[in-house]
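To keep things clear, I will list the structure first and then write my remarks on it.
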Amino acid sequence: MKLIPNMEEYLQQHDLVYEVPPNEWSCGIPLANGEIGVLIWGDGNPLKITLDKYDVWELRTAKPTDPRYNYKHLKTIVDRTKSKGLKRLPEESREVFLDNERFRKRPEEPYPTRIPLPRVELHFTEPIEDFSARLSIYDAIAHGSLNSCKGKVMWKCFVHSKKNLIVIILQYDGEIRLKELKVGLDHLSDKTRTTLKRWGYPDPLYGKSGDYHWLKQEFPAENSAGGAYFVVWRRFTESDLKEVIYISVLTFNDFKTPLNAAYEMTDDAISIGIDQLIESHKEFWAEFWRKSFINIPDSRLENLFYVELYKIACCSMGRYPCPLQGLWSQDGILPPWSGDYHLDMNVQATYWPIYTSNHLELGKPLYEHFWKLLPKFKQACREFFGFDGVWTRCEVSFDGTPIYGWFVVNFWPGNSAWLAHMYWLHWLYSRDKDFLKKRTYPIMRACMRTYMNLLEIWSDGRYHLPLSHSPEWLDGDPWDTEAWGSDTTCDLAFIRWLAMSLIESAEILGIEDPDLPKWHEILKKLTDYPQDESGLQVYREQPLTHSHRHYSHLMAIYPLGILNIEDSEEERELIYRSIYTWVLRGTGEWAGWSFPSAALIAARAGLGNMAWHMLQMYFYFIKSNTFHVNGDYRHFGVTTHTYEVMTLEGGFCTAAAILEMLLQSWGNRIRVFPAIPEFWSDAYFHRLRAEGAFLVTSKLKKGKVKFIFIESEKGGTCRVLNPFDDEQVLFKDLKTNEEKVLKGKIIEFNTIPGGKYLLL
């Protein structure tokens, strides 16, 4: 049986290699530790390092005060306008729901957004003539060479995996030296500088204490984001040919006295020595890469997979979940879309790869952070909908404060339900019953309460959803009445999934929930998905008529999986019609992330060739460092959008799609290599995670599955879709040495916690 290779050696082929300088911020070298991040860029004249930190936010906002700002009034306006056959919502509604126009009209008002941090610049005594660099993803260390006519600088940089400490090591060869280390906010754009001044941000304070220099940026008193941030740095000379720069970025959320904590952290680092500091940094990454492995016959996709896995670890190994740009916000400006948490896809797609890749630990910041925000989401539901439940807008800030910027999708009731689905995924893949009881069940139950309050029984005796929105459908024109409809397919899918999952959870936990009879009734009487000859509709009587970047109407297929190709021929045909209609309506309105999303959905439907093709298209939308930009910026002509706004979820979605091609486990069945393209004859994966807390290893050779090795963490029945040519499969229990022959299209056997089993 093939084992995992030496990962340090194997991953070298997937390092990011820079033979020319990354002169654009968006092409820089990314490093982070889940708390702070840096992006290294420039040609060395100077070498630029853009800093970032998750908890540096402007959190003030002007909350809507119009008493008509609620769901009841919105429904009244939409119903009245549609009943008159009008296509545009009236001016009255625009005065009430000014979300996406408010900032243009009153730009002096603060609104929730991440705040740009200082840039570090390294200026040398001689002009740099040649730049080269490499990012080792195995240990998250960047290193390179800066050459001049009077010698060279060999540099190394890492963000310590356990400390908010950036370390830069400079080794000199020749006369060249570091002339100046600049840390400041001079790089801010004029617009950003003016905006922050208008919002009450003072100029940063600079100070010095012994060998330490520091910058303090205070926040206006009304901002509750922690009071201030500190950047503290020290140059430590080890010899005439070597010096080490230590930079710490802290807030009051980290320590009661951030400045003193930075001094102490750096002193400790210096006292243990740079070699031991590097070794302690490497511990996390060595353990991280031991957890799983894939090998596929597509070097570009395999490279992208490992780099994306590196980036999600960088962005989610700390206390806070990953927002739109992770820990690499754009240099010198207020970030696009506030750098916030988008809950109509971006947050969810960011975390999809952690499950099958066997990195459940990376989900903890997501679950714990949003769990703490649940009281705010309950309050938001009461204020906007007028009843008890849970609801969050699409756009939220670090502390759950709403961002009033996107009129249509912000009012979608499914934002919180989709967030709840991430908790459900953790249960499916971990079988952690305590997590199911304390986290998953309560949040799903509260989301179901929201939908229960929205549903109505119509004259046909069925439950219907009277008004909702399918994410990003006609969102570019929010006053178009066709952005709204009844019985949105995505919401009906969420309602079905919530009811089924809550019923299943109550049985597992032995809970006699008073809402159980209602959940059963809703499942029995809920109206069917709106559909026609083209497949699933967006909402009742609204087919997909044009290119649509979001797959919101296909969510029953993926990620919810309650429509699947194995249940019936009728369901299979509906899935195929729906996917082909979506794709063949064209990609003109798609964004970069739409392509790996399509790959995921195609893979779930067993369409391996389509999944591979969509992932190849995704390469049009990435920079040299793999950063995903939403538009077709190099003009390949695959979409009408050409903007270069970076968000990370597209790459993470790509990693999830690659995993979906290799292993699927929905519906209590494990499937190996279920959606690979027909020209992949050899592939291998090691310890990928399946639902049921099974770790699966399998090898494909010359188009045939050679073996399946399964480790059971929690025990229980394991079911594997038989991939072998022969219906007879040799089963081996590697702990008891029992051997027997199992037959059938589905191989089923009992497991114990810690058990290991081999199928041949």
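Leaving out ligands, DNA and RNA, and with a 1.4 Å probe, what % of the accessible surface on the chain is carbon or sulfur? Display every interim value, and only then the final one.
Working: 13560 of 27870 Å².
Carbon and sulfur together cover 49 percent of it.
In the neighborhood of Pro466, defined by Cβ-to-Cβ distances under 9 Å, what is the net charge if each Lys or Arg adds +1 and each Asp or Glu adds -1?
On the way: positive: Lys75; negative: Asp79, Glu456, Asp487.
With Lys, Arg at +1 and Asp, Glu at -1, the net is -2.
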**Request:** Using Cα pairs closer than 8 Å and at least 6 residues apart in sequence, work out the relative contact order for the chain, in percent.
**Result:** 11 percent
**Prompt:** Which whole-Hz couplings ³J(HN,Hα) result when phi for each residue of the stretch 351-365 is put into the Karplus expression 6.51 cos²θ - 1.76 cosθ + 1.60, θ = phi - 60°, listed in order with x for Gly and Pro?
**Reply:** 9, 4, x, 6, 6, 5, 6, 6, 10, 4, 4, 6, x, 4, x
**Message:** Quick query: amide H of Leu165 versus all other amide H atoms, modeled in the peptide plane; which residues come in under 5 Å with a sequence gap of 5 or more or a different chain?
**Reply:** His160
**Asked** When you count, for each residue, the other Cβ atoms within 10 Å and take the mean per peptide, how do 350-357, 242-249 rank with the highest first?
**Response** 350-357, 242-249
**Asked** lysines within cross-link reach of Lys706: Cα-Cα under 24 Å, excluding same-chain residues under 8 positions apart?
**Response** Lys2, Lys291, Lys732, Lys735, Lys740, Lys743, Lys745, Lys756
**In range of the label at Ile278: residues from the stretch 213-246 whose backbone nitrogen is under 14 Å from the point 7 Å along Cα→Cβ** = 242-245
**Message:** Per residue of the stretch 541-556, what does 6.51 cos²θ - 1.76 cosθ + 1.60 with θ = phi - 60° give for ³J(HN,Hα)? Whole Hz please, x for Gly and Pro, Karplus curve as stated.
**Reply:** 6, 10, x, 6, 9, 7, 4, 9, 5, 9, 9, 4, 6, 9, 5, 5
**Message:** Can you classify the stretch 180-331 as rounded, prolate or oblate using the Cα gyration tensor, where a ≥ b ≥ c are the square roots of its eigenvalues, rounded means a/c under 1.5, and otherwise it's prolate if a/b beats b/c and oblate if not?
**Reply:** oblate
**Cα extents of the chain along the three principal axes, largest first (Å)** = 82, 73, 51
**Message:** Report the Cα-based extents of the stretch 509-573 along its three principal axes, largest first, to the nearest Å.
**Reply:** 46, 25, 21
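Rounded to the nearest whole Å³, what is the per residue volume of the convex hull around the Cα atoms of the stretch 403-460? The partial results should precede the final answer.
Details: hull volume 7.4 nm³, N = 58.
Output value, Cα hull per residue: 128 Å³.
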**Message:** Given axes a ≥ b ≥ c from the Cα gyration tensor, I'd like to know whether the stretch 406-512 is rounded (a/c under 1.5), prolate (a/b larger than b/c) or oblate.
**Reply:** oblate
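Report the full-extension gain for the segment Arg290 to Asp480: residue separation times 0.36 nm, less the Cα-Cα distance, to one decimal in nm.
Values: separation 190, 0.36 × 190 = 68.40 nm, distance 5.14 nm.
Length gained, Arg290 through Asp480: 63.3 nm.
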**Asked** How much accessible area per residue does the stretch 128-224 have, in Å², with a 1.4 Å probe?
**Response** 45 Å²
**Item:** Sequence-distant residues sharing a close amide H with Ala225 (under 5 Å, placed H)
**Value:** Leu59
**Request:** Output ³J(HN,Hα) for the stretch 296-312: one whole-Hz value per residue in order, computed from phi by the Karplus curve 6.51 cos²θ - 1.76 cosθ + 1.60 with θ = phi - 60°, and x for Gly and Pro.
**Result:** 10, x, 8, 5, 5, 5, 5, 4, 4, 4, 5, 5, 5, 5, 4, 5, 5
**Asked** Under 24 Å from the Cα of Lys75, which lysines turn up, not counting those fewer than eight places away in the same chain?
**Response** Lys63, Lys84, Lys87, Lys376, Lys378, Lys525
**Fill in**
For Gly631, the residues 5 or more places away or on another chain with a placed amide H closer than 5 Å to its own amide H are Gly592, Tyr643, Val645
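The values are calculated or read from the model by the stated rules, or taken from the named source; none is laboratory data. Please read all numbers here as calculations on a predicted model, not as lab measurements. Cβ atoms come from the backbone with ideal geometry, glycine included; neighbour counts cover every protein chain shown. SASA here: full protein model, heavy atoms, side chains in, ligands and nucleic acids out. Shrake-Rupley method; radii C 1.70, N 1.55, O 1.52, S 1.80 Å.
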